[in-house]
Amino acid sequence: MRSAVASSLANSPIIGVVRTGSHEEATRQAHLFIAAGIELVEITFTVPQATDLVRELIAERGEGGPPWIGMGTVTDGERARSAVAAGASFLVSPNVTPEVAAVARQEDLFLVLGALTCTEIVAARDLGADLVKVYPLPPVGGASYLATVRGPLDDIPMLAAGGFGIEEIPAYREVGAQAYGIGAPLLGSDDRESHQRIARALDLARGTPA
């Protein structure tokens with residue numbers, strides 16, 4: 001599972017983040033992300049009945065993947081175990097959490113731990129994070145901040161996150177981001193515009209813009 005998710009993320013370097021206060025809207029967004037070619041879809045625990053939605057999406061997909069359905073805002077061991085019970089293929093935390101890391105390693109799940117400082121980034125790596133989610137980037141300097149921390153830590157794979165726009169992806173890619181956690185900026189006024197935005201984001205993330 002872990003290696004399969006890693007392979008999908010290398011092919012489609014965006015984790016589509018579903019974070020909304022409506023279960024119905026979360027379902028719509030998840031379906032849209034999947035239809036547009038995003039291979040990793042993160043359902044955050046802030047979504048009402050989040051684990052139920054994960055189960056629904058996995059049932060629709062059937063055996064195997066992609067798409068891979070994971071859970072975000074996994075801030076403690078209890079949430080990590082709930083995500084595992086729902087069938088999540090990967091876990092995303094906004095913080096460095098040893099208990100979450102232990103669950104992910106026990107279940108052989110792809111793990112993304114959130115960190116900001118150099119100390120936190122190294123701690124996340126040492127706990128076994130497959131990717132370190134450097135978050136939140138825009139408030140602390142965006143791509144220039146990522147470039148600074150990657151100076152001494154360029155051997156650690158990093159995911160850029162925190163609320164930047166699609167057209168900012170190249171700046172993060174240039175300084176070494178390997179993947180991107182993006183939600184609302186992928187959504188347009190209708191499904192057609194959303195598909196266009198997602199296609200553009202994937203092209204930029206792969207370094208092959210049309």
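Readers should treat all values here as calculations from the given coordinates under stated rules, not as data from a laboratory. This is a predicted model, so every value here is computed, not measured. Cβ: placed from backbone, ideal geometry, glycine included. Neighbour counts: every protein chain shown.
What to note about this one:
- Taking Rg/Rh (Cα atoms, Kirkwood Rh) as calculated from this structure, the corresponding entry among (1) 1.02; (2) 1.00; (3) 0.94 is (3).
- Relative contact order %, the stretch 1-99, counting alpha carbon pairs below 8 Å whose residues are six or more apart: 26
- The phi torsions of the stretch 112-120, fed into the Karplus equation with coefficients 6.51, -1.76 and 1.60 and a -60° offset, translate into couplings of 10, 9, x, 7, 10, 7, 4, 4, 5 Hz, rounded to whole numbers, with Gly and Pro shown as x.
- Relative contact order (percent, whole number), the stretch 150-193, Cα cutoff 8 Å, 6+ residue spacing: 44
- Peptides 137-146, 168-177 ordered by average Cβ neighbours within 10 Å, highest first: 168-177, 137-146
- Relative contact order for the stretch 2-206: 19 percent, from Cα pairs under 8 Å spaced at least 6 residues apart, divided by residue count.
- Between the stretch 121-149 and the stretch 102-118, the Cα center-to-center distance that results, in Å: 13
- Within-10-Å neighbourhood charge of Ala160 [Cβ basis; K, R +1; D, E -1]: +1
- Summing Lys and Arg as +1 and Asp and Glu as -1 over all other residues whose Cβ lies under 14 Å from the Cβ of Pro185 gives a net charge of 0.
- Residues with amide H under 5 Å from that of Phe90, placed H, sequence gap 5 or more: Gly70, Met71
- Förster radius 22 Å - calculated FRET efficiency between Arg28 and Ser3, Cβ distance, rounded to 0.05: 0.10
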